[in-house]
Amino acid sequence: MSVDYGIEQVRVAIFENEPLARLWQQRLQGEGIPCVLKSLGAGSGALGGNSYLPNGLYVFARDRQKAIEFIRGTDSPEYLRDSSVTVEDLTEMGTSRSGEPNVAGFLTAAAFTILVIAVLSVIFTTLR
């Protein structure tokens with residue numbers, strides 16, 4: 001069931017990881033701009049967690065310009081560049097990340113999961 005409140009949500013930024021995205025979410029909410037994060041990877045709980053996957057920051061269309069101005073004006077451009085933050089300004093030709101999956105992160109999570117299962121298996125068989 002889908003509910004349409006007549007308010008479109010638009011993505012204004014993509015952050016390299018969830019903690020950085022949550023920091024910006026809190027900053028925008030502190031400015032009175034309602035926003036929500038959406039994982040751009042496999043989703044919550046997949047691949048052992050999603051804190052290392054890119055996250056999109058979405059606001060209501062009516063707050064889009066205010067959010068973009070806040071993100072651009074809060075910190076120096078060097079900070080924004082170093083943090084891999086990209087702002088999508090739909091009226092100008094802005095840069096954006098595609099949100100492609102983090103293959104290295106996936107392989108690391110998969111290897112760690114296999115290692116944990118192997119260690120638990122050895123412990124379980126030893127205690128039998």
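The values are calculated or read from the model by the stated rules, or taken from the named source; none is laboratory data. What you see is a predicted model, and the numbers here were worked out from it, not measured in a lab. Cβ sites come from the backbone with ideal geometry, for glycine too, and all protein chains shown count toward neighbours.
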Would you point out which residue out of Arg97, Arg81 is in a loop (DSSP other than H, G, I, E, B), at pLDDT below 85 and either under 19 Å from the mean Cα position of the chain (by Cα) or of a type outside the set (S, T, N, Q) (or both)?
Arg97
Could you check the range 6-36 and list, in sequence order, the residues that are at pLDDT 90 or above, surrounded by fewer than 17 Cβ atoms within 10 Å (Cβ to Cβ), in contact with a strand residue (DSSP E or B) (Cβ under 7 Å, 6 or more places away or on another chain) and not in a helix (DSSP H, G or I)?
Pro34, Val36
